[in-house]
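Asks: First the structure, which I've put down as structure tokens, then a few questions once you've had a look.
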Amino acid sequence: MSPQHDYIIDNSTGANVRSDINSVLQAIASNNSGSSAPSTTYAFQLFADTTNNVMKIRNAANNAFIELFQLDGTLTLEDGSASAPALSFRTDLDTGIAKNGTNGLMITTGGVQRFSVSSTEVNVNDTGAAIDFRVESDSNSAMLLVDGSANRVGIGAATPAATLDVAGDMIFTAANPQIQFNAGGPIIKLPAANTLTFLNSSTNEVFRIHSGGEILVNNTSTFDSVSSAKVQINGEGVAGLAITGNGTSAQSRVSFFNPNGRVGFIATENSATTYSTSGSDRTLKKNFENWTENTLDLFKNINPQKFNFIHEDDGATKSKGFIAQDMVSSFPEAYVKEDIEDAKYYFNPSGMVIYLMKAIQELQAKVEALEAA
């Protein structure tokens, strides 16, 4: 007997009616299975399509079959759309899941696609709606927040104030991490442990904070191995350091301090620069006494020299000056050296000025005595 039937019992003999009833029951039991649809159909009639291995149900208009699932039990859905998803809720028919192109699916709410997955990407808010994306942690309701209406991202920031707003610390754990501003633009880079560099292009380094705490400008390694200066500037070909101010009145531009306080400064006034290397104000001094030693005689024994510095070629033009070791006992303020191992003497012109001033005073007294004789 055929598993399909028109569900009409014709008048006939008892045996024929019985056979017709059995055919109806078989059609019901087999869900009207067959390689083609029943010739007589009814609204909401089931049909097991053995050709396509799909269980179908007749629609309410009785003009088409709707696929339910595969005959092997696999559940299949219509493609659906954002506004009419294939799988939805009885009380919310525009919210659910639908097919999104080839090998893709989407999740929709309120008839709008919110989330999609394809073979090439996972996309949130593909339609560009002004909605937020939020990830909550144990104690932060905005551990990750995409502010859809403001086009901003917050990490730990519930209301991001910039394109990226991080409310907390950031740690870069890559071997040589870097931050770049625009393609080919300035870069902040960590090229080695505890060293931070600043580049104005992908290859040109202009500034570095060295691992020892030194600030290096236009140089990638320290060059002052004597005093280990904390700021080292390579001014080759250009001015090493330029300082400006907001007025022409007397203003300090560079000040020098030690544990005793301010001990010197460089100042500008109008078109002049002044150098103050020691405090001279009476309020900075105590224990006064007259300086009565003969200073003029100290200059009798000075031994002017012409010489080359060690780093110069032997044929280089010689400099003129004095040897510190020959002069320091007579003019200790004029020849100084740092309190470090293997320190060298350097000439301090301002330290010699006080001797010259007193020597002139003594010389003036001698002149006046001769003129009076």
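The values are calculated or read from the model by the stated rules, or taken from the named source; none is laboratory data. Since we're looking at a predicted model, the values are computed, not measured. Heads up, the Cβs are rebuilt from the backbone with ideal geometry, glycines too, and the neighbour counts pull from every protein chain shown.
Asks: What number of residues within region 14-28 satisfy the criterion of being among the hydrophobic types (A, V, I, L, M, F, W, C) and in contact (Cβ under 8 Å) with a residue 24 or more places away in the chain?
Replies: Total meeting the criteria: 1.
Asks: Return yes when residue 89 is under 50 Å from the mean Cα position of the chain (by Cα) and of a type in the set (Phe, Trp, Tyr) and no when it is not.
Replies: Yes; evaluated as a whole, the condition is true for this residue.
Asks: So which of 176, 218, 246, 194 ends up being at positive phi, polar (S, T, N, Q) and either assigned by TED's automatic domain parsing to the domain that holds residue 144 or surrounded by fewer than 11 Cβ atoms within 10 Å (Cβ to Cβ) (or both)?
Replies: Selected residue: 194, the only one of 176, 218, 246, 194 that is at positive phi, polar (S, T, N, Q) and either assigned by TED's automatic domain parsing to the domain that holds residue 144 or surrounded by fewer than 11 Cβ atoms within 10 Å (Cβ to Cβ) (or both).
Asks: Here is a list: 73, 80. Which entry is on the phi > 0 side of the Ramachandran plot, surrounded by fewer than 16 Cβ atoms within 10 Å (Cβ to Cβ) and not hydroxyl-bearing (Ser, Thr, Tyr)?
Replies: Being on the phi > 0 side of the Ramachandran plot, surrounded by fewer than 16 Cβ atoms within 10 Å (Cβ to Cβ) and not hydroxyl-bearing (Ser, Thr, Tyr) holds for just one of 73, 80, which is 73.
Asks: How do the strands (runs of 3 or more DSSP E) wholly within region 256-373 filter down when requiring 3 or more residues that are under 54 Å from the mean Cα position of the chain (by Cα) and either exposed (fewer than 11 other Cβ atoms within 10 Å of the Cβ) or among the polar types (S, T, N, Q) (or both): which remain?
Replies: Once the strands (runs of 3 or more DSSP E) in region 256-373 are filtered for at least 3 residues that are under 54 Å from the mean Cα position of the chain (by Cα) and either exposed (fewer than 11 other Cβ atoms within 10 Å of the Cβ) or among the polar types (S, T, N, Q) (or both), what remains is 272-276.
Asks: Name every residue in region 295-342 that is among the small types (Gly, Ala, Ser) and under 25 Å from residue 278 (Cα atoms), in order of residue number.
Replies: 321, 324, 329, 330, 334
Asks: Oh, and also: Can you tell me which condition residue 16 does not meet? The list is (1) part of a loop (DSSP other than H, G, I, E, B); (2) among the polar types (S, T, N, Q); (3) more than 60 Å from the chain's Cα centre (by Cα), and all the others hold.
Replies: Against the list (1) part of a loop (DSSP other than H, G, I, E, B); (2) among the polar types (S, T, N, Q); (3) more than 60 Å from the chain's Cα centre (by Cα), residue 16 comes up short only on (1).
Asks: While we're on this one: Mind checking which pairs have a first residue in region 306-326 that is within 23 Å of residue 343 (Cα to Cα) and in contact (Cβ under 8 Å) with a residue 40 or more places away in the chain and a second that is of a type in the set (D, E, K, R) and in a loop (DSSP other than H, G, I, E, B), Cβ under 6 Å, 6 or more apart or different chains?
Replies: Filtered contacts from region 306-326: no entries.
Asks: Of the numbered conditions (1) surrounded by fewer than 12 Cβ atoms within 10 Å (Cβ to Cβ); (2) over 20 Å from residue 68 (Cα atoms), residue 29 fails exactly one; give the number of that condition.
Replies: (2) is the only condition that residue 29 fails.
Asks: Collect the residues in region 56-96 that are farther than 25 Å from residue 106 by Cα and in a loop (DSSP other than H, G, I, E, B), keeping them in residue-number order.
Replies: 59, 60, 61, 62, 63, 64, 71, 72
Asks: Could you go through region 151-174 and let me know if any residue there is modelled with pLDDT of 95 or more, in contact with a strand residue (DSSP E or B) (Cβ under 8 Å, 6 or more places away or on another chain), of a type in the set (Asp, Glu) and farther than 30 Å from residue 211 by Cβ.
Replies: yes
Asks: Let me ask another. Of (1) more than 39 Å from the chain's Cα centre (by Cα); (2) surrounded by 14 or more Cβ atoms within 10 Å (Cβ to Cβ); (3) not hydrophobic (A, V, I, L, M, F, W, C), residue 147 satisfies all except one. Which?
Replies: With respect to (1) more than 39 Å from the chain's Cα centre (by Cα); (2) surrounded by 14 or more Cβ atoms within 10 Å (Cβ to Cβ); (3) not hydrophobic (A, V, I, L, M, F, W, C), residue 147 is out only on (1).
Asks: Those residues that are of a type outside the set (Phe, Trp, Tyr) and surrounded by 12 or more Cβ atoms within 10 Å (Cβ to Cβ), I need them from region 2-17; list them, please. Walk me through how you get there before you give the answer.
Replies: Quick first cut of region 2-17, residues of a type outside the set (Phe, Trp, Tyr) only: 2-6, 8-17.
The answer is 2, 3, 4, 5, 6, 9, 16, 17.
Asks: Here are the criteria: (1) surrounded by 12 or more Cβ atoms within 10 Å (Cβ to Cβ); (2) within 23 Å of the chain's Cα centre (by Cα). Tell me which single one residue 204 does not satisfy.
Replies: Every listed condition holds for residue 204 apart from (1).
Asks: Residues to consider are 272, 267; find the one that is touching a Ser or Thr at 6+ places or on another chain (Cβ under 8 Å) and under 30 Å from residue 247 (Cβ atoms). Give the derivation first.
Replies: Values: 272 fails: touching a Ser or Thr at 6+ places or on another chain (Cβ under 8 Å).
The match here is 267.
Asks: Across region 238-254, which residue is farthest from the chain's Cα centre (by Cα) among those that are over 26 Å from residue 206 (Cβ atoms) and in a strand (DSSP E or B)?
Replies: Among them, the one singled out is 251.
Asks: A further question on this structure: Could you list all residues from region 40-55 that are in a loop (DSSP other than H, G, I, E, B) and touching a strand residue (DSSP E or B) at 6+ places or on another chain (Cβ under 9 Å)?
Replies: 41, 42, 43, 44, 45, 50, 51, 52, 53
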